[in-house]
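For reference, the structure discussed in these notes is given below.
The values are calculated or read from the model by the stated rules, or taken from the named source; none is laboratory data. Please read these numbers as outputs of a predicted model, since none were measured by experiment. When we count neighbours, we look across all protein chains shown, and the Cβ atoms used for this are built from the backbone with ideal geometry, even at glycine. Accessible surface is based on the protein model in full, side chains and every heavy atom, while ligands, DNA and RNA are left aside. Shrake-Rupley method; radii C 1.70, N 1.55, O 1.52, S 1.80 Å.
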Amino acid sequence: MLRRAYEDGATIADLKSRHGLTYHRARVLLLAAGTTLRKNGPSSVVPASPSMVIVYEHGMTIHEVAENFGYTYSTMRRKLLAAGITPRKKGRRLA
């Protein structure tokens, strides 16, 4: 479960928050499962899925999309940007 989520783009920070683990414990579990850890940096961002982009484009804030899909705000913002969205001004919702 952790490995699949990580391979689908979740960060270790996302996983620790979702599963109530420490960062170290989440990392150890991923390594024990044979997961190849990504390097830090923008090149390792997996773009947001079409469903994430759709709900953002239909008015949800990045915070709301992140909460709905189980990611941190910063990870979701990077995923949406990697998918090509143009962010709205902070806190703006579509009517």
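Quick one: which residue in Leu37, Leu15, Leu94 is outside any helix (DSSP H, G or I), at pLDDT below 95, in contact with a helix residue (DSSP H, G or I) (Cβ under 7 Å, 6 or more places away or on another chain) and hydrophobic (A, V, I, L, M, F, W, C)? So that I can check it myself, show each step before the final result.
On the way: Leu15 fails: outside any helix (DSSP H, G or I); Leu94 fails: in contact with a helix residue (DSSP H, G or I) (Cβ under 7 Å, 6 or more places away or on another chain).
Checking each option against the conditions leaves just Leu37.
Residue pairs whose Cβ atoms lie under 7 Å apart, separated by 6 or more positions or on different chains, with the first residue in the range 1-15 and more than 12 Å from Gly34 (Cα to Cα) and open to solvent by 20 Å² or more (accessible area, probe 1.4 Å) and the second of a type outside the set (Gly, Ala, Ser) and outside any helix (DSSP H, G or I), are Asp8/Val46; Ala13/Thr72. Of all the residues in the range 55-91, those that are surrounded by fewer than 14 Cβ atoms within 10 Å (Cβ to Cβ) and part of a loop (DSSP other than H, G, I, E, B) number 8.
Which members of the range 16-54 meet the condition of being touching a residue at least 40 places away in the same chain (Cβ under 8 Å) and among the small types (Gly, Ala, Ser)? The answer is Ser17, and nothing else.
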